[in-house]
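Peer 1: Please find one structure pasted underneath; my questions will follow.
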Amino acid sequence: MNRPVRTRMPGAVGRAGERPALTRFKVAAELSAHTGNSLSSSCEGYTALVTGAYRLIENEAVKPEAIAEAGFQATAKIARQSRLLLALEDTTTLGYKHAVRSELGDLGGPEGSKTRGFHVHSVFLVDADTERSIGLIDQERWVREDVQRGKKNQRRQLPYEGKESFKWQRASENTEQRMGGKMPDIISVCDREADIYEYMHYKLDNRQRFVVRATQNRILVDGELLLFDSLAQTEVLGKYTRLL
């Protein structure tokens, strides 16, 4: 049974008289100032902060999706001030070797690997004019079950909506839901993993702008040449450089 949300978490006070909400803001500030560090090392010297943070994390009534959504909405509010936005998308893996790995999923690689973890697909907004980083507008996390290992051919038989690659369309749907009428000013920028017919068909049908790095030498509907041959003969109209 879920525990009710506490309005005051035991151990979540800092100095005498401080309210729990103020302490949680301090936890967020410490984590932001020590990117990549563990919770305990980020809040070193503040035992009450660490205790309160762990109580928050362990509270079953506190949903990570709700915390993430608050961040996405904050990003959306700031992003609406930009004339043109780039939505940079990519998938990565987060691997762990300590005790918690037994609760996580298969990351591929050699069989018997002690590293397990989960996959993360993120959409990060950047102001196209100023190159200012704005923030995450969407992020999906999932684990692969061990039974999926070595069954790539079987996964190909799944309907499009049931495939892992549907993440690209789902990310666009989530982004549009949060950005609303600002969507025409957003260009999705994806690597070759997004060179999927159904995904590009969705983007075109919904009049969404996108750039996908091609990996398939596709047949073109308006000519005899294949995609790569046609591009090789096409005049370069412009370039855009993004320094990372």
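Peer 1: Might you let me know whether the range 200-211 holds any residue that is surrounded by 14 or more Cβ atoms within 10 Å (Cβ to Cβ) and of a type in the set (Ser, Thr, Tyr)?
Peer 2: yes
Peer 1: Right, another one. Could you count how many residues in the range 213-244 are exposed (fewer than 10 other Cβ atoms within 10 Å of the Cβ) and either in a helix (DSSP H, G or I) or β-branched (Val, Ile, Thr) (or both)?
Peer 2: So the count comes out to 5.
Peer 1: Can Arg178 be described as modelled with pLDDT of 95 or more and exposed (fewer than 11 other Cβ atoms within 10 Å of the Cβ)?
Peer 2: no
Peer 1: Identify the residue in the range 162-174 that is within 15 Å of Glu89 (Cα to Cα) and out of contact with any Phe, Trp or Tyr (no Cβ under 9 Å at 6 or more places or on another chain) and, among all such residues, is surrounded by the most Cβ atoms within 10 Å (Cβ to Cβ).
Peer 2: That would be Ala171.
Results for (1) in a helix (DSSP H, G or I); (2) touching a strand residue (DSSP E or B) at 6+ places or on another chain (Cβ under 9 Å), shown as yes or no for each residue.
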residue: Leu31; (1), (2): yes, no
residue: Gly36; (1), (2): no, no
residue: Ser40; (1), (2): yes, no
residue: Tyr54; (1), (2): yes, no
residue: Glu69; (1), (2): yes, no
residue: Thr75; (1), (2): yes, yes
residue: Ser82; (1), (2): no, yes
residue: Thr91; (1), (2): no, yes
residue: Arg101; (1), (2): yes, yes
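Peer 1: Within the range 103-120, take every residue that is without any contact (Cβ under 8 Å) to a residue 12 or more places away in the chain and not in a helix (DSSP H, G or I) and give me the one that is nearest to Gly181 (Cα to Cα).
Peer 2: My answer is Gly109.
Let's see how each residue does on (1) on the phi < 0 side of the Ramachandran plot; (2) open to solvent by 50 Å² or more (accessible area, probe 1.4 Å); (3) in contact (Cβ under 8 Å) with a residue 24 or more places away in the chain:
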{"residue": "Lys26", "(1), (2), (3)": "yes, yes, no"}
{"residue": "Ala33", "(1), (2), (3)": "yes, yes, no"}
{"residue": "Tyr46", "(1), (2), (3)": "yes, yes, yes"}
{"residue": "Gly52", "(1), (2), (3)": "yes, no, yes"}
{"residue": "Ile67", "(1), (2), (3)": "yes, yes, no"}
{"residue": "Ala70", "(1), (2), (3)": "yes, yes, no"}
{"residue": "Ala76", "(1), (2), (3)": "yes, no, yes"}
{"residue": "Ser82", "(1), (2), (3)": "yes, no, yes"}
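Peer 1: Can you confirm whether Ser188 is polar (S, T, N, Q), assigned to a strand (DSSP E or B) and touching a strand residue (DSSP E or B) at 6+ places or on another chain (Cβ under 7 Å)?
Peer 2: Yes; evaluated as a whole, the condition is true for this residue.
Peer 1: Follow-up question, since we're still on this one. Restricting attention to the range 96-127, which residues are over 27 Å from Val212 (Cβ atoms) and modelled with pLDDT of 85 or more?
Peer 2: If the condition is that a residue be over 27 Å from Val212 (Cβ atoms) and modelled with pLDDT of 85 or more, then Arg116 is the only one that fits.
Peer 1: In the range 84-100, which residue that is touching a residue at least 24 places away in the same chain (Cβ under 8 Å) and of a type in the set (Val, Ile, Thr) is nearest to Asp195 (Cα to Cα)?
Peer 2: Per the criteria, the residue is Thr91.
Peer 1: Right, next: Can you tell me which residues in the range 184-199 are under 30 Å from Ala70 (Cβ atoms) and surrounded by 19 or more Cβ atoms within 10 Å (Cβ to Cβ)?
Peer 2: Across the range 184-199, the qualifying residues are Ile186, Ser188, Val189, Cys190, Ala194, Tyr199.
Peer 1: Still on this structure: Just need a number here: residues in the range 113-136 that are more than 15 Å from Lys77 (Cα to Cα), within 15 Å of the chain's Cα centre (by Cα), buried (at least 18 other Cβ atoms within 10 Å of the Cβ) and of a type in the set (A, V, I, L, M).
Peer 2: So the answer is 1.
The values are calculated or read from the model by the stated rules, or taken from the named source; none is laboratory data. For clarity, every value in this text was computed on a predicted model and none was experimentally measured. Reconstructed Cβ throughout: ideal geometry from the backbone, glycine too, with neighbour counts over all protein chains shown. Heavy atoms of the whole protein, side chains included, go into the accessibility calculation; ligands, DNA and RNA do not. Shrake-Rupley method; radii C 1.70, N 1.55, O 1.52, S 1.80 Å.
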